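A short write-up of the structure that comes next.
Each value in this text was obtained by applying a stated rule to the coordinates, not by laboratory testing. Bear in mind the structure is a predicted one, so any value in this text is a computation, not a measurement. Here the Cβ positions follow ideal geometry from the backbone for every residue, glycine too, while neighbour counts run over all protein chains shown.
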Amino acid sequence: MAEDIKKQIEKLRQELRTHDYLYYVLNQPEIPDQQYDRLFAQLRQLEQAHPQYITPDSPTQRVSERPIEGFGTIRHAIPMLSIDNTYNADDLRKFDERIAKGLEGADYDYVVELKIDGLAISLRYEKGILVNAATRGDGETGDDVTANVRTIKAIPLKLLSDSQIQETIEVRGEVYMPTKSFIALNRQKTESGEPLFANPRNAAAGSLKLLDSRITAQRNLSFFAYALGEVSQPLADEHWQVLHRFKKFGLPVHPNIKKAADIDEVIEICSSWEKERHHLDFQIDGMVIKVNSLDQQEILGATGRSPRWCISFKFPAEQAETIIESIEVQVGKSGILTPVAKFKPVLLAGTTVKSASLHNFDQVDRLDVRQGDTVIIEKAGEIIPQVVEVKKELRPVGTKPFKVPEKCPNCEGPVKKNENGAYLRCLNPNCLGQLKEKLRYFAGRDQMDIENLGPALIEQLVDTGLVKNFADIYKLQKEDILELERMAEKSATNVINAIDQSKNRPLWRFIAALGIRNIGTQTAEILADEFASLPKLMDAPIDCLQKIEQIGPVVAQNIYDYFRNEANRKVIDGLLTAGVKPVHQKEKKSDALAGKTIVVTGMLENFSRPQIEQTIKQFGGKTASSVSKNTDFVLAGAEPGSKLDKATQLGVKVIDEKEFLKMIGKI
């Protein structure tokens with residue numbers, strides 16, 4: 001009996017590893033996510049009932065139970081060298097001349113790979129089991145980030161069976177954050193009133209350096225293998241063969257790696273990717289060119305800091321020049337003061353931009369950016385505009401350095417630097433600037449969705465003293481609105497109707513709207529599903545909150561503290577007294593999308609991303625993040641990404657928003 005259970009557990013593990021391989025390595029999933037989740041739950045239940053059979057390489061053991069106290073270090077058996085950069089075809093040809101000279105006329109070819117904009121990682125496997133993971137660090141020694149790397153589902157904890165799995169195999173590659181995950185993370189940080197990550201690379205690096213792997217697990221990091229480190233025995237004769245061996249081990253390798261017979265073909269491949277890179281669902285900043293033969297790599301050797309047998313071709317960042325018209329300081333709902341550069345509108349990477357966050361006052365000081373300066377801006381990771389250079393030679397006479405505020409620019413209350421000294425925060429709990437941001441967030445499309453209650457109206461409601469907290473919104477009368485500027489009878493009626501309609505929003509929207517630190521729409525849904533009622537959530541003990549999967553100790557503490565604050569509870573009582581009825585709505589509205597797996601891409605007119613995902617669930621459907629042969633259809637909005645191309649390749653049906661609304665009976 002015991003032996004049968006042990007075999008069943010191992011069979012489930014192997015089945016899950018196989019499906020991970022199909023999904024992450026071959027990009028050919030054979031089962032829907034729901035079926036995978038059922039297999040995972042079955043394995044977890046068996047292991048919980050029979051803990052003596054739990055092993056470190058089990059798919060259930062990716063996330064650590066508790067935070068670590070700090071990061072140890074790991075010395076690399078073979079140094080992790082950096083790669084020399086080049087920016088044009090002429091330099092690539094000079095590199096090729098050096099290769100030809102170093103190989104003394106021998107034939108050679110190249111492998112050309114995408115240079116993924118992430119964080120270099122070394123994975124050490126012993127007898128096929130992942131034993132540790134380290135960052136590059138200084139090349140000789142890196143940080144031990146094993147606990148966090150184990151949470152990345154694209155990285156196998158156990159290599160697939162193969163005749164050449166040896167005592168030791170060290171795999172090197174790049175941990176990165178997909179663009180969608182980066183946008184979602186920054187949206188969550190905006191909702192929580194936290195500073196944003198500047199680009200996906202910083203987000204990936206920051207996520208790997210968290211002490212709590214439970215938070216890292218929520219960041220949706222991924223991985224591509226690209227090189228071999230230490231091995232017990234030679235694995236192959238060529239780098240190309242190594243990459244294909246990696247795939248057989250269950251390690252993901254990007255499918256767009258190419259062989260090139262000569263430098264002309266290398267240049268052609270690099271040129272084609274300069275435009276094609278915009279269709280990827282992650283960021284690359286260039287290409288990496290490597291001599292294919294491992295013996296020839298050995299002959300060519302390395303300098304003190306970089307190998308002679310490879311080089312990086314960096315794409316030029318798309319930049320634009322403009323003039324700073326002003327530097328404004330915005331007050332977020334958590335009190336953080338953020339300097340924002342306002343400049344003359346300019347076209348950049350296909351969109352017109354007229355402002356960019358300067359992130360914090362240390363950045364303003366580093367750049368020495370001033371009003372009137374001519375600056376170079378670019379999109380970090382081609383997503384977020386940022387000022388990268390000040391052309392000081394064009395600076396107008398008489399400009400003065402930007403002065404860091406000593407008081408809150410909105411309420412003139414005291415300000416203080418946060419724990420790590422990077423950000424200023426307004427300490428006045430009654431700051432009207434914070435209140436306005438909190439109200440805008442509360443009424444936002446992904447929270448209480450109060451149509452017609454926009455920033456201009458909120459500004460007036462706060463300035464006139466009509467609204468001092470969330471509950472005051474629901475005490476407003478039409479006569480109050482009519483007294484405000486530019487508000488006619490019809491406009492006032494629309495506002496009051498919209499407020500009234502918002503009283504019956506689902507529980508998860510209400511939770512999200514409160515603006516609890518680190519709680520966005522996704523976490524709000526988890527809390528609504530877990531507790532199903534507002535009173536149960538408000539009275540939940542801290543240990544109960546900490547046990548919820550996907551909620552770490554910091555977030556749990558934030559929730560607990562929020563509902564133990566008497567002022568917050570008083571506002572919530574006021575909302576409930578005013579007729580707000582946050583009810584958990586887990587039941588489906590209909591089965592119109594029952595059994596359908598749907599991928600959404602592009603911008604929709606009638607739905608934000610959380611709203612469309614919630615709507616699909618309510619009508620019995622399921623959302624997926626990537627297109628596969630198991631996708632029933634792709635819902636495409638404006639400016640769709642590479643998912644639309646993938647759907648066309650696979651012959652997956654594509655519908656627009658109008659057709660979707662017909663399917664669910666909305667038109």
Practice task
Using the 4.7 Å Cβ rule, please list in number order the cysteines from the chain without any candidate partner.
Solution key: 270, 310, 544
Practice task
Could you pull out every one of the aspartates and glutamates with an alpha carbon less than 20 Å from that of residue 475, ignoring same-chain neighbours closer than 8 positions?
Solution key: 437, 449, 451, 459, 463, 483, 485, 489, 500, 573
Practice task
Using a/c under 1.5 as the rounded threshold, could you call the range 319-416 rounded, prolate or oblate? The axes a ≥ b ≥ c are square roots of the C-alpha gyration tensor eigenvalues, and prolate needs a/b larger than b/c, oblate otherwise.
Solution key: oblate
Fill in the blank from the handout: Going through 536/617; 617/662; 180/248 one by one, the pairs whose alpha carbons sit over 20 Å apart turn out to be 536/617; 180/248
Handout entry: Sites residue 638 and residue 388, calculated FRET efficiency, Cβ-Cβ separation with R0 25 Å, nearest 0.05
Key = 0.30
Practice task
With label points built 7 Å along Cα→Cβ from the Cα atoms of residue 659 and residue 323, find their separation and express it in nm.
Solution key: 4.9 nm
Fill in the blank from the handout: Links exceeding 30 Å between C-alpha atoms in this model, out of 158/189; 258/379; 209/391; 342/416; 354/629; 189/643, come to 158/189; 209/391; 354/629
Exercise for the section: Using the charge dipole of the chain (Lys, Arg: +1 at Cβ; Asp, Glu: -1 at Cβ; taken about the Cα centre), state which of 476, 595, 340 has its Cα farthest towards the positive end. Expected result: 476
Problem - trypsin sites (Lys or Arg not before Pro) within the range 85-191, DSSP loop, no more than 16 other Cβ atoms inside 10 Å - result: 127
Handout entry: Per DSSP, loop GluC sites (Glu not before Pro) in the range 393-437 with at most 10 further Cβ within 10 Å
Key = 406, 419
Problem - Label point distance in nm, residue 451-residue 344, each placed 7 Å from Cα along Cα→Cβ - result: 4.0 nm
Practice task
Looking at the range 597-663, send over the antiparallel percent of its DSSP beta bridges, to the nearest 5.
Solution key: 10 percent
